[in-house]
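K.L.:
Quick one: this structure, given as structure tokens, is what I'll be asking you about.
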Amino acid sequence: MKVLAFDTATRATTVALCDFAAGDSIEARDDPEPGERPRHTTKLMSLIVDVLERGECSWNEVDRIAVGVGPGTFTGLRIGVATARALAAAREIDLVGVSSLQSLAVGAVLDARTSHNDAIVAVLDARRGEVFAAAWSPEDVDEPGGRPPLLEPVAVAPAKLADSTAGIGQRCLEIGDGTVEFRPVLERSGTSIPDDSSRLHRVSAVFTARLAFRSDPVDGGDVRPEYLRLPDAELSLQAAQRQ
């Protein structure tokens with residue numbers, strides 16, 4: 001099976017073509033420098049074309065499309081999910097939505113250096129002084145539809161996350177750009193966080209594809225962004241109405 005996967009939940013745009021029969025994967029990504037704006041709109045389709053050309057794969061050979069559904073940035077998620085739904089409908093290809101947090105966690109649990117941990121905590125910077133986070137046991141994270149997470153996906157203040165993770169395992173590994181942003185707060189719970197430059201902090205479409213390969217496809221209309229909280233504009237409107 002060949003799976004075309006992409007994720008636009010973070011500032012990065014990541015796309016992968018994975019051939020699970022041959023055991024091959026090709027990834028292309030765009031990672032803006034600090035302070036630069038995300039380039040999902042301009043980069044996503046060009047990266048999709050890039051991996052298909054490098055893999056010498058036509059659209060007729062793509063068996064499944066996988067898209068990261070967040071949580072993450074509102075604009076990024078809308079672009080990614082809308083693109084996935086449009087491509088799947090136009091090409092009549094099976095579609096699967098994948099948690100961006102779970103995809104991030106899978107990347108860590110498949111790394112031999114992290115096999116000794118009791119829990120993998122995926123943490124993405126949610127802005128406004130919050131993070132998106134979820135946690136899995138290493139045995140469960142790579143099994144879609146299996147046992148529930150140790151910590152269900154949530155938007156939370158870093159200090160509260162530190163309190164929550166203190167009780168889910170003696171050896172917790174925390175990964176993601178949220179851990180880089182709030183390292184001093186999160187490390188107070190005794191958790192382990194890789195160096196800021198570690199690739200474990202990056203969402204990769206390769207692991208999005210892996211989870212999709214092990215999942216059942218759904219109707220395209222059932223693939224929706226998982227925002228976890230209201231957009232800034234709606235929050236501002238509510239605050240103005242209260243005043």
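K.L.:
Please go through region 214-240 and give me each residue that is exposed (fewer than 12 other Cβ atoms within 10 Å of the Cβ) and either on the phi > 0 side of the Ramachandran plot or modelled with pLDDT of 55 or more (or both), ordered by number.
P.N.:
Once the filter is applied, which keeps residues that are exposed (fewer than 12 other Cβ atoms within 10 Å of the Cβ) and either on the phi > 0 side of the Ramachandran plot or modelled with pLDDT of 55 or more (or both), region 214-240 yields 216, 219, 221, 222, 232.
K.L.:
Something else about it: Output the residues belonging to region 52-71 that are touching a helix residue (DSSP H, G or I) at 6+ places or on another chain (Cβ under 8 Å) and on the phi > 0 side of the Ramachandran plot.
P.N.:
70
K.L.:
Restricting to region 198-221, name every residue that is over 18 Å from the mean Cα position of the chain (by Cα), over 16 Å from residue 6 (Cα atoms) and in a helix (DSSP H, G or I).
P.N.:
Result: 221, single match.
K.L.:
Restricting the search to region 7-42, which residues are loosely packed, with under 13 Cβ neighbours inside 10 Å and within 19 Å of residue 198 (Cβ to Cβ)?
P.N.:
33, 34 - these are the residues of region 7-42 that are loosely packed, with under 13 Cβ neighbours inside 10 Å and within 19 Å of residue 198 (Cβ to Cβ).
K.L.:
Does residue 173 fit the bill of being surrounded by 18 or more Cβ atoms within 10 Å (Cβ to Cβ), part of a strand (DSSP E or B) and not β-branched (Val, Ile, Thr)?
P.N.:
The answer is yes for residue 173.
K.L.:
Which one of these is outside the structural domain of residue 47 (by TED's automatic domain parsing), among the acidic types (Asp, Glu) and in a helix (DSSP H, G or I): 195, 163, 140?
P.N.:
Just a single option satisfies the conditions, and that option is 163.
K.L.:
Further, regarding this structure: What number of residues in region 99-108 are among the aliphatic types (A, V, I, L, M) and either within 17 Å of residue 156 (Cα to Cα) or modelled with pLDDT under 90 (or both)?
P.N.:
1
K.L.:
Looking at the structure I just gave you, is residue 146 more than 17 Å from the chain's Cα centre (by Cα) and farther than 17 Å from residue 209 by Cβ?
P.N.:
Against the criterion (more than 17 Å from the chain's Cα centre (by Cα) and farther than 17 Å from residue 209 by Cβ), residue 146 qualifies.
K.L.:
Among the residues in region 33-40, are any over 16 Å from residue 9 (Cα atoms) and in contact (Cβ under 8 Å) with a residue 60 or more places away in the chain?
P.N.:
no
K.L.:
Pairs under 7 Å by beta carbon, first residue closer than 17 Å to residue 216 by Cβ in region 82-96, partner among the hydroxyl-bearing types (Ser, Thr, Tyr), six or more apart or different chains?
P.N.:
96/215
K.L.:
If we scan region 179-188, do we find a residue that is hydroxyl-bearing (Ser, Thr, Tyr), over 30 Å from residue 21 (Cβ atoms) and not assigned by TED's automatic domain parsing to the domain that holds residue 93?
P.N.:
Yes, that holds for at least one residue.
K.L.:
Which residue pairs have Cβ atoms under 8 Å apart, sit 6 or more places apart or on different chains, and have a first residue in region 117-145 that is within 22 Å of residue 72 (Cβ to Cβ) and a second that is among the basic types (Lys, Arg) and buried (at least 24 other Cβ atoms within 10 Å of the Cβ)?
P.N.:
142/210
The values are calculated or read from the model by the stated rules, or taken from the named source; none is laboratory data. Everything quoted here is computed from the prediction, not taken from an experiment. All Cβ positions, glycine included, derive from the backbone under ideal geometry; neighbour counts span all protein chains shown.
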